[in-house]
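Read through the structure below, which is laid out as structure tokens, and then see the notes.
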Amino acid sequence: MKYSKEELDLINHIDQHVKNKKITYYKAIPQELYQKIKAIMRTKNFNGSLQEYFEFLGYIFIPTSKYPKDTIDIITLLMQHYPSRYVTNLENIDRNLYYIIQDKALQHKVDIPEYINKLGFNFVFNSNIYPHSPTYYIGTSEKEYIKQLNKLFPEGTIIIEELIEKDSWLFKSINYLRQIRSIQTIDEQLEFFGFKVFRRWNG
């Protein structure tokens, strides 16, 4: 199939985030790249859905609902990636699995590293690999997050587990922002917002 130079460049960028040409979760694609894909679809006047466009580019689309979510299946997938049981760079190696684990962890009111530890693995902090250096920017979304955090933690000190207990949606939103900004941990992102950060669980 013949692709334009723009589409070949797009495929090259998508391949950096998708393993084995399989897409199981749109959030596996960074927001900036996702917007670029949508823009090219409009430019090309592509007559079809986003899923169909991914398939046109040569990817196999598997809805998230078909992606294993049972604990046994999650452990099996982790073992495939990390036979040593030391989990490093998960959000870039299998971002689909990372988001599923995040949802599972928040259901149990714990952070991702603690949940992974409960599954019998060791989570290695500060292990994310990004194509560019961290970007620190306070925009409209960031100001709103800081405003919400100040209401929850007026004393300026955040316990990660308390943030999850008080507002797991806010935790997820800030964690996603952290990934877009290529910041290593949510702790670092919150500290950049001006808060002191602690954890009950330290591995």
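Readers should treat all values here as calculations from the given coordinates under stated rules, not as data from a laboratory. A quick note: this is a predicted structure, and the numbers were derived from the prediction, not measured.
Things worth noting here:
- Residue with peak Gaussian network fluctuation, the chain [Cα springs, cutoff 10 Å], from Ser168, Ser141, Ser127: Ser141
- If you sort the three axes of the alpha carbon gyration tensor as a ≥ b ≥ c, you get a/c of 1.5 or more for the chain and a/b no higher than b/c, which makes it oblate.
- Once the chain from Lys5 to Lys166 is taken as fully extended at 0.36 nm per residue, the excess over their C-alpha distance is 53.2 nm.
- For the residue pairs Lys21/Lys143; Lys22/Lys44; Lys172/Lys196; Lys36/Lys166; Lys69/Lys109; Lys109/Lys151, alpha carbon separations beyond 26 Å are given by Lys21/Lys143; Lys36/Lys166.
- Taking amide hydrogens as placed 1.01 Å from N in the peptide plane, the amide H of Val87 sits under 5 Å from those of Asn122, Phe123, Val124, each at least 5 positions away in sequence or on another chain.
- 5 angstrom amide H check on Phe61, placed H, neighbours 5+ away: Ile23
- Residues whose amide H falls under 5 Å from that of Val197, counting only those 5 or more places apart or on a different chain, are Ile158, with hydrogens built in the peptide plane.
- Most mobile of His132, His13, His108 in a GNM of the chain (Cα contacts under 10 Å): His132
- Nearest-ten-degree value, helix 31-43 long axis tilted from longest Cα axis of the chain: 30 degrees
- Fraction of C-alpha pairs exceeding 16 angstrom in segment 97-149: 61 percent, rounded to a whole number.
- Between helix 71-81 and the chain: long-axis angle, C-alpha atoms, 0 to 90°, nearest 10: 70 degrees
- For the residues Arg178, Arg85, Arg42, a GNM of the chain with alpha-carbon springs under 10 Å puts the largest fluctuation on Arg42.
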